[in-house]
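No value in this document is a laboratory result; all are computed from the given coordinates. Note that the coordinates shown come from a computational prediction; the quantities given were computed from them, not determined experimentally. Cβ placement follows ideal geometry from the backbone for every residue including glycine, while neighbour counts extend to all protein chains displayed.
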Amino acid sequence: MQPLLILIPFITILLLNILRPEIARRAAFRVALVISVLQMIAVFFLHRSFATMYSGPLLSVLQFNITTDYLSALMLFSIALILFVALIVAGQVIKGRQELFNFVNLSLIALAGMNGTVMSHDIFSLYVFIEVTSVTSFIMIVFNQNIRAFEGAFKYIMLSALATIFMLTAIALVVILTGDTDFTVIKAALSGPVNSGILKSAIVIFLSGFFIKAGLIPFHGWLPDAYVSAPSPVSVLLAGIITKTVGVYTLIRVVTGVFGFSPVINNTLLFIGAFSVVLAAIAALNQRDFKRMLAYSSISQVGYIILGVGAGTPLGIAGAAFHLFNHAIFKSLLFVNSSAVEEQTGSRSMDNLYGIAQKMPLTATTSVVASLSAAGVPPLAGFWSKIMIIVALWMSGHYGFCLVAIFTGILTLAYFLSLQRNIFSGKLPDSLKNIKEVGFVFAIPEVLLAAIIIGCGIFYPWILKSLILPLGAALGG
Amino acid sequence: MSREVLNLLWMFGIFASLLFIIGIYCILATYNLIRALIGIEIMIKAVTLLLIVAGYVTGRTALIQALVITTIVIEAVLVAVTAGVILGIHRHTGSLDTRKMRDE
Amino acid sequence: MQRLDLFILIILVLAALWTAMSRGLIRSAIGLALTSAILTIIMFRLNSPLAAVFELSVCSGLISVLFVSTISLTQPLTKEEARQHMWARLSRFWYLPIILVGVGIFLSLFKLRQDLSMPVLQAQKDVRVLLWGTRQMDLLGQLLILLAGVFAVIILFKEKKNNE
């Protein structure tokens, strides 16, 4: 059944473009929404027998090298959820039927690409689907064709091409060492005698490629410009799930599944994670454009995830994976709210916006929920994942990094609270007297994401037992 | 890893690294967007050479050729998309100078 | 590896250097096509004929067409301006190409062994069988990325009716 997750979007795109334009355009949006909801439901049934029974005969002609485990299932669910949210935002924000149709098609290609990335069991297929997703994200950033978008996209393309080259070089070195590209074969071969110089170069080059894709410091040059200059639904998708999938998930998969942990890898991850966490938080404090502040905050949170992976223990990896999921949820919620504010007021500068809470109470409340989750305030979901990472760092003996993580938690709280106070509290200036609260359709993603944050926070013990601990045990070194 | 294989690798590796450095030089020394893209292309050629050498050295030419064919397809689409972005920049600002692209 | 291979590799590096350093964009685009052709020859000698043909047709053909069309659509400079740009560009990092060529030749002569034998070929399937049989996921990825490319061409290469 797993190949269906890639094939269905692919066939849908072909069908949508072959049928007559009038039918296709009206149907496209609804079809994409249905596909994302179906994927969210299908994640829970991936391993049941009836799934393979129904699709087995049809799919037996195909031989894909695909596997799903807990981490892939978590990613598949997040991908579908964020796509659903982004589609609803796009339906409200994008005017023009042809443009909405283009966006829906591109997001379906991105969906197929991301599904392939998280399910791939082969190092080169992983690379191919990373490229599919990245190229689609380039096109999505520029599909409105304004000049800021072009410039941001060009910088992103250059750095992403550099990451491509690094990854291909590392794949070539791995093939020299082991002769095959499948995860299990490579892992088995690497436990035997290999040339350690080539192996070390392969690991370093691979990690550099993933750091560029994930946007960690010092490879983050493309991230703020790309996030800020993209249109709102694209920002939701890009910040919420695309960077996480092609950068962070692939790093976790390759480090745990192929190379295994070693002191060198752990220390590299810890250092880069610590730099990203602190420097990005300091940079976020100084921003006047709130979308740019959210971009730097993304870098900082991804640093947390890398710190969790760098700890090397099952608890650390489980915490990192859970934080990945939480970050997708709360960052998307913040970007959805920012697009709502931008739609209503037409400005993104924190110097012009005050007191919006009086006119947009729902947006303000959900924004508070997301900010508190990001800062790690109990009992919201973000608190639990951060605590897991901090405890994992402490227990594995990296006391300095643990202190860095705690200190940055305070910084995170500081800049998010300043964002809240600036935009939502205070006195409403006259120029903004006419803004209205978001409509019912726009409110659906806001309420849904906020409910998930609160729900994951309150029902955490159940989630811990059924999802997090098995995940950590399966992946942990 | 026998000594001959390592020597072979070293020889080809030097030339692949030279190509890579030429690509980086091309990107660093130019103010033109299209020439930056050409630099990226030269670097991708270097990596293709390394992949082919990997296939030659381990004897698995069939697998490597499949990988290289896929890589070439991806590279072609990447060039097409970047050319589109460059055309878009040119339509808006009329020049392809990286010094004129504002940093926010 | 024989003396001929070494010779072709040196020509490859020189062609790439010419591409990076030459005046004007069209010369660089032609240089890129030339570099791809020389890489094709190397690939033939290294027992990868199918990939070599692909590289020749796509990189020397399709990509060069893309480059030349982009360059001609974006108003090339006049000859004097191009020459000025070239000298300005070469004066930055001028030492780098010279060091590069020197180091490359020196290192390759230093470690030169001209009687290296080819490794033993394992019994393996044909590339076509491999591609369609084992690496089907890559094929699906190629189809997806081609779709994305088609969308890019549709969205980005259209003439805009109103500039804003």
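Listing for the model above:
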read-out: Gyration tensor (alpha-carbon) shape descriptor, segment C:4-49, a/c threshold 1.5; value: oblate
read-out: Rounded, prolate or oblate (a/c below 1.5 giving rounded, otherwise prolate when a/b exceeds b/c) for chain A by Cα gyration tensor; value: oblate
read-out: Label-to-label distance, nm, for residues given as B:Glu4 and A:Ser196 (7 Å Cα→Cβ offset); value: 2.8
read-out: Computed E for A:Thr67/A:Phe45 - FRET, C-beta separation, R0 22 angstrom, nearest 0.05; value: 0.85
read-out: Fewest-first ranking of A:Phe77, A:Phe211, using other Cβ atoms within 10 Å as the exposure measure; value: A:Phe77, A:Phe211
read-out: Table column - 3J(HN,Hα) (Hz), segment A:164-170, Karplus curve with 6.51, -1.76, 1.60, x for Gly and Pro; value: 4, 5, 4, 5, 5, 4, 5
read-out: Potential lengthening between C:Leu6 and C:Leu73 on full extension [0.36 nm per residue; Cα-Cα distance subtracted]; value: 20.2 nm
read-out: Simple spin-label estimate for C:Arg27 and A:Arg421 in nanometres, 7 Å along Cα-Cβ; value: 6.2
read-out: Label point distance in nm, C:Arg92-C:Phe157, each placed 7 Å from Cα along Cα→Cβ; value: 3.0
read-out: In Hz, Karplus ³J(HN,Hα) per residue of segment A:363-371 (6.51, -1.76, 1.60; θ = phi - 60°; x = Gly, Pro); value: 4, 5, 5, 5, 5, 4, 4, 5, 5
read-out: Computed Rg/Rh of segment A:261-477, alpha carbon atoms with Kirkwood Rh; value: 1.02
read-out: Least to most buried among A:Glu22, A:Glu343, A:Glu151 (fewest other Cβ within 10 Å first); value: A:Glu22, A:Glu343, A:Glu151
read-out: Gyration tensor verdict on segment A:434-477 (Cα atoms; rounded if a/c is under 1.5, prolate if a/b is larger than b/c, oblate otherwise); value: prolate
read-out: Sequence of A:Glu446, B:Glu41 once ranked by neighbouring C-beta atoms within 10 Å, starting from the fewest; value: A:Glu446, B:Glu41
read-out: Given 15 as the ceiling on other Cβ atoms within 10 Å, longest exposed-site-free region of chain A for trypsin sites (Lys or Arg not before Pro) in DSSP loops; value: A:96-287
